[in-house]
Amino acid sequence: MLLDIAQKEKDYTAVKILSCKIIKKHFIEKYYNIYKELFNPEEWKKEREQLFTHYCNKKYFDNSAADLLKAENDKEFLMKKVNILLSPDRIEKYFYSNTPDYKLKIREMFIKIINFYVENFTGKHFYEHILLLLKRLSCYKDGRKTALN
């Protein structure tokens, strides 16, 4: 309600503060768009980096970081940051691209995840999870061959 009033009164300082508070709690695309409009492109690059860092600095993963990447639709920024979000579900949900090597990049990310699990975790539960990841990996180009290796 306060945000609506600030927008009607064209109080851009208040709009910026209020929309920032909303999206820092949890990413909501409507308020993200309002907030983003208040920056020029150079300022926004710095601000989105701070916003992304804010989302990633929480004790537990917040899907807001991935939602921000998706809303940005900036392939370079996405590729740079997606490794922070390494999880098969998040990669498949948020990682998209119009580039021909899209599936190859996803396959590479799956390999990173699998290697991370193999190097850092032991036990039946983790081995079962690795097996599931290998099965999912086989859905991507040359993934079956890679999984067998």
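Summed over the stretch 91-149, the residues that are β-branched (Val, Ile, Thr), at pLDDT below 75 and over 24 Å from residue 65 (Cα atoms) give a count of 2. Just so you know, in the stretch 22-43 the residues that are surrounded by 12 or more Cβ atoms within 10 Å (Cβ to Cβ) and out of contact with any Leu (no Cβ under 9 Å at 6 or more places or on another chain) include one that is modelled with the lowest pLDDT, and it is 26. Being surrounded by 13 or more Cβ atoms within 10 Å (Cβ to Cβ) and not small (Gly, Ala, Ser) is the filter; apply it to the stretch 1-20 and report the residue that is nearest to residue 48 (Cα to Cα). Residue satisfying both the conditions and the ranking: 20. Scanning the stretch 1-18 finds no residues that are part of a helix (DSSP H, G or I), under 13 Å from residue 71 (Cα atoms) and either in contact with a Pro (Cβ under 7 Å, 6 or more places away or on another chain) or hydroxyl-bearing (Ser, Thr, Tyr) (or both).
Across the stretch 117-141, which residue is farthest from residue 105 (Cα to Cα) among those that are in contact with a helix residue (DSSP H, G or I) (Cβ under 7 Å, 6 or more places away or on another chain), of a type outside the set (Lys, Arg) and not in a helix (DSSP H, G or I)?
Checking each candidate, the answer is 138.
Hey, can you tell me all the residues within the stretch 106-129 that are in contact (Cβ under 8 Å) with a residue 24 or more places away in the chain and of a type in the set (S, T, N, Q)? The answer is none; no residue qualifies.
The values are calculated or read from the model by the stated rules, or taken from the named source; none is laboratory data. For clarity, every value in this text was computed on a predicted model and none was experimentally measured. We place every Cβ from the backbone using ideal geometry, glycine too, and count neighbours over all the protein chains shown.
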